[in-house]
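Working notes, structure below.
Throughout, read-outs are computed from the coordinates displayed, never taken from laboratory work. Since the model is a prediction, treat every value here as computed from it, not as a measurement. Every residue, glycine among them, receives a Cβ derived from its backbone with ideal geometry; neighbour counts consider all protein chains shown.
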Amino acid sequence: MKKYLLSIMLAGGLNLAVYAGEIYNLEPTHSFVEFHYNHMGFSNPSGKWFATGNLNLDAKSLAKSSADITIKIGDIVTGVDKLNEHLKGPDFFDVAKYPTATFVSQKISNIHGKKFDLTGTLTLHGVSKPVTLHVTQNEWAVSKITNVKTAGFSATATIKRSDYGLSMYVPAVSDEVKLNIEIEAQLADNAKKSS
C-alpha cells in the first residue's frame with residue numbers, strides 16, 4: 001500500500017499551467033490509505049495508514065509527473081488494539097522486518113477530464129509488484145486555511161494480499177483487498193519561494 005499508496009497522485013491534465021514542475025508534499029493528517037477486506041462472508045472490516053511523500057506535477061508533460069509515497073506499516077489503525085498488534089506481527093505484515101510500504105509511480109494513462117490511471121510499483125512485505133490506481137482529481141487551489149496551494153486526489157485500487165506473501169487465513173479472510181486512497185498535497189517551501 002501506497003509509497004501509496006496514492007504515488008499516488010498526479011495532475012489529471014486540468015488547470016495545471018500554474019503548477020508546472022512544482023513539488024507538493026503530502027499533508028500527513030489528510031493523506032491516507034484505507035483498506036477493506038471480507039471476513040468469512042459476514043462483514044467487511046477496514047483499517048488505515050496515514051501517508052507521507054511527495055508529488056512532482058509537470059503541466060507540460062504528464063509523462064514527466066511522478067509520485068513517491070511511503071506508509072509506516074506499524075502505524076496501522078483498525079480501531080481494535082489486539083487486531084493492530086496481530087496484523088503487525090509475523091503472521092501478517094511483520095513490521096520488525098518490513099517497517100514500510102512504498103508506491104513509486106511510473107506512468108499516467110487513460111486521462112478523461114478529472115479522471116486518470118496512475119500505474120506504479122507497490123513494495124509491500126518485501127515484494128514489489130505493479131499496481132494501477134484509478135484516480136480522481138479533487139480541488140486544486142490555494143487553501144483558505146493555510147494560504148498554500150494545495151492539490152487533492154482520491155484513488156481506488158484492488159490487490160491480492162497473497163501476491164505479497166500475506167496469505168494467512170485465505171480464503172476465509174478474503175485474498176482480495178480494496179484500497180481507498182485520499183491525498184492532500186501542499187506546495188513545498190522551496191517551490192513557494194520560487195513561485
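What distance in nm separates the simple spin-label points at residue 107 and residue 83, each placed 7 Å from Cα in the Cβ direction?
Inter-label distance under the simple model: 3.8 nm.
When the label point is put 7 Å from the Cα of residue 176 along its Cα-to-beta-carbon vector, which residues of the stretch 125-164 have a backbone N closer than 19 Å?
Counting backbone N atoms under 19 Å from the label point, the list is 130-135, 155-164.
Report, in listed order, any pair from 114/149; 64/97; 48/144; 64/149; 114/160 with a Cα-Cα distance greater than 23 Å.
In this structure, 64/97; 48/144; 114/160 exceed 23 Å between Cα atoms.
Is the stretch 17-194 rounded, prolate or oblate when judged by the Cα gyration tensor, a ≥ b ≥ c being the square roots of its eigenvalues, rounded requiring a/c under 1.5 and prolate requiring a/b larger than b/c?
Prolate, because a/c is 1.5 or more and a/b exceeds b/c.
Could you tell me the center-to-center distance, by alpha carbons, between the stretch 32-46 and the stretch 122-195 in angstrom?
The distance from the Cα centre of the stretch 32-46 to that of the stretch 122-195 comes to 17 Å.
Can you sort 88, 129 from fewest to most other Cβ atoms within 10 Å of each residue's own Cβ?
Least to most surrounded, the residues fall as 129, 88.
For labels at residue 46 and residue 144 in the simple 7 Å Cα→Cβ model, what's the distance in nm?
Using points 7 Å along Cα→Cβ, the separation is 2.6 nm.
When ranked by the protection proxy of mean other Cβ atoms within 10 Å per residue, highest first, what sequence do the peptides 157-166, 100-109, 116-125 form?
Top to bottom by mean Cβ count within 10 Å: 116-125, 100-109, 157-166.
With labels modelled as points extended 7 Å from the Cα through the Cβ direction, what inter-label distance (nm, one decimal) is found for residue 169 paired with residue 64?
A separation of 4.8 nm, rounded to one decimal place.
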